[in-house]
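A short worksheet on the structure shown next.
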């Protein structure tokens, strides 16, 4: 097998942070090459370099033994390198065919109108070649998620692709959809395309890939032929050895249940979910993206309409009508998407720290500026938020400090139940440890914590019990008092294979 | 070095409003041989901008939430007619009581119509542009219906003071017109509310990131509703003063005011995307437009040209805002 793509000593830094250091490996043509690594290991940075989104600080790439230096995603596509991202980017109101050739629609020479007959012909030829059975005249929005993903792949392949990157394509798919995706990927590989397959899931890697490369903390750790490697070896490579060091230990006594959710159902999101969170306890809530984890937190927080079931929070009976009502029942919620749901981006750190809590620093609706400032300063100091002044806009802070600020907003004694949605996403290692410290601190002071996370090592190290979701149902709750639950056990539940 | 320049440019852009106003006043003074700075003329400019500026403070609050209100002009007409009808009916007993009742009617009616717009905007998730466009037509029609299209006269003569009178005339002479005093009071109230109260901060939060505001336990709907109510009430106040200026309640007044008011807000540096804006900026924006109009009059520039100039000023203000945003993104 000849080499299709070669990374040679790729290094990339952002500010002072090293995202990739001296990464080198080869990808053979006509194979599936899996890339694994934890969040922050450098997978997506490497793929963005491959796609021409970033340029490396040093190092080079060779494509079919010629130098390859894409300046933009457009450049990369012209060279035959395409990426299908996790988030789908089809225009829902246009047809499948229009989506496939978006930006490159065949047009008549004089008037510039779209030649629909040619468009249909091209699309049909492409779909035939890829053995795709999707109606090309349907609107993209009417397709299932799996079909949309295949249309995206088809779009990537409509320009003679040599390398195709699939970024966690199965995260949003059901098992049956995954198997049809795999069949499709094999057809591609047989035609000579090199597929880079990014995934967390061991099963998929062993089923689909010929080769697997592990990245950790921006460095290339290993490249194995899948046939010669064990799962245990891959996990060791992925996780490294200093696993326990970054998780501070917690010493809390678990008390009465503060939050009880009983047979909670929200139409089309999740059904019949029952769980308790006790004082001093951290309950992990995990599962694949789209399995309904975030919806549960939002439902408890009064932000998702509940069709059946009940909630009890510190004696108050829910479901709650609004986030405001949930706050009054001592519930705090830190959302997953900081920029979209957490911050007033252009406003100051001070305003962001006191957002929604100005009552504490005001009389008769008039803010006492001195006490607002004092509160903000106390929060910033206590939680070691590094900032360039309380009045500087929050978007100048680093991701880790932003996240600490977002959590700090809710660290007030009135909140006994804390819902954290991916509290360490996009945060560097140092800030992660501090956030774990914050969580432990809260639990030790008797708060009940529900922590949603996709990072299994974090879930296993931090949570007293682990609830796993599968397709909108609670697949099981694992007792993790001795921190001994394995990733495999969680994943089995998360993909709905076996019931405990 | 580059960083320092960017910092300097940003500070200049951020503080651009007063600078522009002062520069404008100086150049206008020079170009009119000092005619502009004559005391009577300055008072005149202030009086000319006072009505629309008063409403502009309410509009600023609405625009900061990310909304817009096209119904303000029609509301001035509607509340003016309603107040005039009340004053005519009650004027025989006591002029003072009649004016008080008329004013109360105008403010409550204005606030009520604002509340209706606000409820639809906040609860039904319909774009404010459409809601208030409908409110604009309905209120204008209602004004015409109330009085059969005829101006309402026969008001108590004391009402003239509201539109044409001067405060403390015995002490300071004709230097502080009553509508200008009202404008300054409304300015102070709105500036205080926006900067110093929980409600004001809620308004900014809603416009800056509605989702984050809601998830922080802020009542987004209440904030949205209230800005429309307040603006409606201010329109009622102006409706009453306008009766005093004309000595009649006229259903055809204040046509196109919504656009002049929005222009003052935008020239004052408030972003139409919501989340940022100041009452002081709006006051200065209204003054810039007022000074320009006045200067063009003094220089005998043709009326048609005045519109072109005003349009260019609005466009420049919007460009400055866009430039500021780009610069902020780049220096982050």
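Readers should treat all values here as calculations from the given coordinates under stated rules, not as data from a laboratory. These numbers come from a predicted model, not from an experiment. All Cβ positions, even for glycine, are placed from backbone atoms using ideal geometry, and neighbour counts span all protein chains on display.
Brief remarks on what is shown
- Chain B - Rg over Rh from alpha carbon coordinates, Kirkwood radius: 0.99
- Between residue B:174 and residue A:207, the simple label model (points 7 Å from Cα in the Cβ direction) yields a spacing of 9.0 nm.
- For peptide A:391-397, the mean count of partner chain Cβ atoms within 10 Å of a residue's Cβ comes to 1.
- Using alpha-carbon coordinates, inclination of helix A:175-190 to the longest axis of chain A, degrees: 30
- Residue B:30-residue A:371 FRET efficiency (beta carbon distance; Förster radius 51 Å; 0.05 resolution): 0.55
- P(r) for chain A, from all Cα pairs and a bin width of 20 Å, is 21, 50, 27, 2 %, short bins first.
- Projected label distance in nm at residue A:433 and residue A:396, using a 7 Å step from Cα toward the beta-carbon: 2.8
- Cα centroids of the stretch A:187-254 and the stretch B:61-119: 69 Å apart.
- Virtual spin-label span in nm between residue B:273 and residue A:263, 7 Å along Cα→Cβ: 4.8
- Across the stretch B:150-170, the residues whose backbone nitrogen lies under 15 Å from the label position 7 Å along the beta-carbon direction of residue B:97 are B:156.
- Within chain A, helix-based [θ] at 222 nm, where runs of 4 or more DSSP H residues each add -39,500 (n - 2.57), nearest 500: -9000 deg cm²/dmol
- Fraction of beta bridges assigned by DSSP in the stretch A:245-494 that are antiparallel (%, nearest 5): 55
- Relative contact order of chain A, pairs being alpha-carbon contacts under 8 Å that are 6 or more residues apart, as %: 15
- Calculated over the stretch A:113-182, the projected area of the Cα convex hull averaged across directions stands at 5.5 nm².
- Computing FRET efficiency as 1/(1 + (r/R0)^6) for residue A:22 and residue A:482, where r is the C-beta to C-beta distance and R0 is 30 Å, gives about 0.15.
- Helical runs (DSSP H, four residues minimum) scored at -39500 (n - 2.57) apiece and divided by the length of chain B put the mean residue ellipticity at 222 nm at -26000 deg cm²/dmol.
- The equivalent ellipsoid of the stretch B:47-161 has semi-axes of 28, 15, 12 Å, largest first, where each one is the square root of 5 times an eigenvalue of the Cα gyration tensor.
- Per-residue average of Cβ from other chains inside 10 Å of A:333-343: 3
- Compared with the direct C-alpha span, the chain from residue A:13 to residue A:314 gains 103.7 nm at full extension, assuming 0.36 nm per residue.
- Taking every residue in A:356-363 and counting other chain Cβ atoms within 10 Å of its Cβ, the average works out to 4.
- C-alpha center-to-center spacing [the stretch A:127-182, the stretch B:154-226] in angstrom: 57
- With neighbours defined as other Cβ atoms within 10 Å of a residue's Cβ, the residues B:307, A:43 order from fewest to most as B:307, A:43.
- Fraction of alpha-carbon pairs over 26 Å apart in the stretch A:3-243 - percent: 40
- DSSP-defined beta bridges in the stretch A:3-243 - what % are antiparallel, rounded to 5: 60
- Efficiency of FRET from Cβ geometry, residue A:191 and residue B:130, R₀ 45 Å, rounded to 0.05: 0.30
- Highest mean packing first, where packing is the average number of other Cβ atoms within 10 Å per residue, the peptides A:351-359, A:375-383, A:363-371 line up as A:351-359, A:375-383, A:363-371.
- Radius of gyration, Dmax [the stretch A:1-72; alpha carbons; angstrom]: 12.1, 39
- If both residues of a DSSP beta bridge must be in chain A, then about 55% of such bridges are antiparallel.
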